[in-house]
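Scroll down for the structure; my scribbles are underneath it.
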Amino acid sequence: MKIEFFVPEIRGKGRPRFTRSGHAFTDEKTRNYENLVKLLAMQAMEKAGATVTDKPVKVTINAYFEIPKSYSKKKVQAILDGKEKPLKKPDLDNIIKSCGGDGCNKIIFKDDAQIYSIVATKSYITNINHYGVYCCFEWDD
């Protein structure tokens with residue numbers, strides 16, 4: 001089975017916040033982003049006629065960033081030639097957490113412990129309609 005969807009925004013998992021009494025909670029922006037990921041994952045699962053799996057899952061995540069307008073022509077050309085990669089926030093591990101782990105937990109897989117392989121990249125893209133995160137989840141039927 002293969003489930004794919006595209007999140008038209010890039011946001012990494014935020015740091016946990018703590019109340020004065022020491023209770024940890026997830027900030028509102030992270031919660032909203034993870035809810036968007038959950039919604040897109042549910043739609044992709046429904047479209048594929050799939051149900052939550054308990055099998056090992058392979059995850060592919062590609063985050064596509066806009067080339068900053070402030071970059072020089074030389075730097076833009078280096079990006080287009082594949083010589084320059086995004087070294088900007090959010091960190092790739094936080095993108096993985098929000099899109100591949102916590103965002104899809106109990107939607108695509110029962111628990112993120114089922115993930116046995118993750119391939120993730122950050123890259124620049126010139127097509128203005130494709131900034132965001134491509135998510136793909138695969139498992140044997």
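The values are calculated or read from the model by the stated rules, or taken from the named source; none is laboratory data. It should be emphasised that the depicted structure is a prediction, and the values quoted were computed from it without experimental measurement. Quick reminder, even Gly has a Cβ in these numbers, built from the backbone with ideal geometry, and neighbours come from all protein chains shown. Ligands, DNA and RNA are stripped out before the accessible areas are found, and what is left, the full protein with its side chains, is counted by its heavy atoms. Shrake-Rupley method; radii C 1.70, N 1.55, O 1.52, S 1.80 Å.
General remarks:
- Beta carbons closer than 9 Å, at least 6 apart along the sequence or on distinct chains, pair a first residue in the stretch 11-27 that is among the β-branched types (Val, Ile, Thr) with a second that is surrounded by 10 or more Cβ atoms within 10 Å (Cβ to Cβ) for Thr19/Phe25; Thr26/Lys13; Thr26/Gly14; Thr26/Pro16; Thr26/Arg17; Thr26/Glu34; Thr26/Asp102.
- Among the residues of the stretch 106-118, just one is open to solvent by 30 Å² or more (accessible area, probe 1.4 Å), part of a strand (DSSP E or B) and under 17 Å from Phe5 (Cα atoms), namely Ile118.
- One residue stands out in the stretch 1-43 among those that are under 15 Å from Asp102 (Cα atoms) and of a type in the set (Lys, Arg): the one that is most open to solvent (accessible area, probe 1.4 Å), namely Arg15.
- Test: Ser123 is closer than 18 Å to Arg11 by Cβ, polar (S, T, N, Q), modelled with pLDDT of 90 or more and more than 10 Å from the chain's Cα centre (by Cα): yes
- Of all residues in the stretch 44-66 being charged (D, E, K, R) and exposed (fewer than 12 other Cβ atoms within 10 Å of the Cβ), the one that is nearest to Tyr116 (Cα to Cα): Asp54
- When Glu66 is tested against (1) within 17 Å of Tyr124 (Cα to Cα); (2) without any contact (Cβ under 8 Å) to a residue 40 or more places away in the chain; (3) touching a strand residue (DSSP E or B) at 6+ places or on another chain (Cβ under 9 Å); (4) of a type in the set (Asp, Glu), only condition (2) is not met.
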